[in-house]
1. Okay, helix-only estimate at 222 nm for the chain: each DSSP H run of n ≥ 4 adds -39500 (n - 2.57), divide by all residues, round to 500 deg cm²/dmol; what do you get?
2. Between the DSSP loop rule and a limit of at most 12 other Cβ atoms within 10 Å, which trypsin sites (Lys or Arg not before Pro) in the stretch 175-283 are left?
3. With the crude spin-label approximation of a point 7 Å out along Cα→Cβ, what separation in nm comes out for Val228 versus Ala120?
4. Just one of [x] 23.6, 76; [y] 21.2, 84; [z] 18.1, 52 is Rg and Dmax of the Cα atoms in Å as worked out from the coordinates here. Which one is it?
5. Please compute the net charge surrounding Asp58, taking Lys and Arg as +1 and Asp and Glu as -1 over other residues with Cβ under 14 Å from its Cβ.
6. Determine the dipole magnitude for the chain: charges of +1 sit on the beta-carbon of Lys and Arg, -1 on that of Asp and Glu, nothing else is charged, the reference point is the Cα centre, and the result goes in debye to the nearest 20.
7. Just subtract the alpha-carbon distance of Lys167 and Asn102 from 0.36 nm times their residue separation and send over the number in nm, one decimal.
8. Give the Kirkwood hydrodynamic radius (Å, one decimal) of the stretch 159-278, defined as one over the mean of 1/r across all pairs of different Cα atoms.
Amino acid sequence: MKKYLILFVLIVLPSQILLSQGNNELKDEIAIKKTALDYAEAYYDGDGDRMERAIHADLNKVIALRLPQTGKTVLQYSTVSQLVELSSAKAGYLAPEKRKLNVTVLLHRDEIACVKLTSAFFNDYLQMVNFEGQWKIVNVLWSLGPDVPNRPQLSGIYPDKREEEVKLIIQEFYESQFTGDFEKLIKIIHPEISIAQLSYIPQTKKIIISRSGSSIFFEIARAKLSVVPEDQRHLDLNILDIMDDMAFVEVFTPISNSYFQLQHFDGRWNIINCLSIPNSITP
């Protein structure tokens with residue numbers, strides 16, 4: 001009898017563990033989608049409180065807009081107060097049956113989530129972080145939705161070519177850092193790139209976000225502080241999604257995991273947002 005009991009425990013316990021892990025992942029995915037819907041529906045409904053609940057105080061939200069007068073593209077940013085107050089003012093109200101809302105979780109890994117949100121007036125790539133059980137949006141790259149009047153035309157790049165170009169720009173980005181090639185890095189990095197890095201504060205047991213821009217990459221490369229031995233330049237790259245001349249990419253290196261948002265404009269792909277998690281972070 002004891003023999004059969006031991007066999008039963010050995011068979012059932014792993015199944016219970018897997019079931020528990022599956023339940024946790026399902027709960028997280030539901031919570032991630034809820035945050036995305038809080039963000040989108042808050043704007044369409046006109047609910048400032050719901051918008052504020054969905055976005056992090058250190059949010060970086062950006063759209064690339066082409067100026068027809070000059071033919072050049074500029075980046076326009078949205079602030080937390082702007083999103084909350086415009087939502088409260090019902091500036092973006094749209095009847096539910098016209099919203100065409102759809103949320104897809106592209107990736108959920110530990111405390112990080114990458115989400116694709118499409119709708120009538122805006123299509124967004126969202127990067128989220130789980131802060132003490134609450135999913136918050138920290139980075140957004142977005143484009144105008146299909147129902148926006150006079151929506152700008154897309155570049156018309158073929159899908160296969162888009163993937164090749166996205167992979168190439170990310171590979172060149174890391175190669176220029178690993179080799180300390182300052183001149184090459186200047187040509188690759190957009191001057192308004194925003195890198196959000198997660199850090200752990202042991203005294204308070206909190207995870208925080210710190211941000212840096214292009215200058216830190218330029219000067220670190222110039223000082224050769226980013227040089228990595230050739231046998232350690234391992235890079236795993238995964239394109240999560242491409243839409244509306246935007247791309248979402250996951251990259252693993254020996255020192256960090258990074259999640260990039262890229263935009264194609266002025267004839268090339270530009271890295272706009274990045275969420276980076278050092279492998280050494282220990283919450």
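1. Calculated from helices alone, the mean residue ellipticity at 222 nm is -11000 deg cm²/dmol.
2. Working: sites: Lys184, Lys187, Lys205, Lys206, Arg211, Arg222, Lys224, Arg233, Arg268; in loops: Lys205, Lys224, Arg233.
Passing sites in the stretch 175-283 are Lys205, Lys224.
3. Label at Val228, label at Ala120, 4.6 nm between them.
4. So the calculated entry is the one marked [y].
5. Around Asp58, the surrounding residues sum to +3.
6. So the dipole magnitude of the chain works out to roughly 380 debye.
7. That works out to 20.7 nm of additional length.
8. Result for the stretch 159-278 stands at 15.0 Å.
No lab work stands behind these numbers, since they all come straight from the coordinates. Nothing here was measured: the structure is a model prediction, and the numbers come from that model. Glycine also receives a Cβ, built like all others from the backbone with ideal geometry; neighbour counts cover every protein chain displayed.
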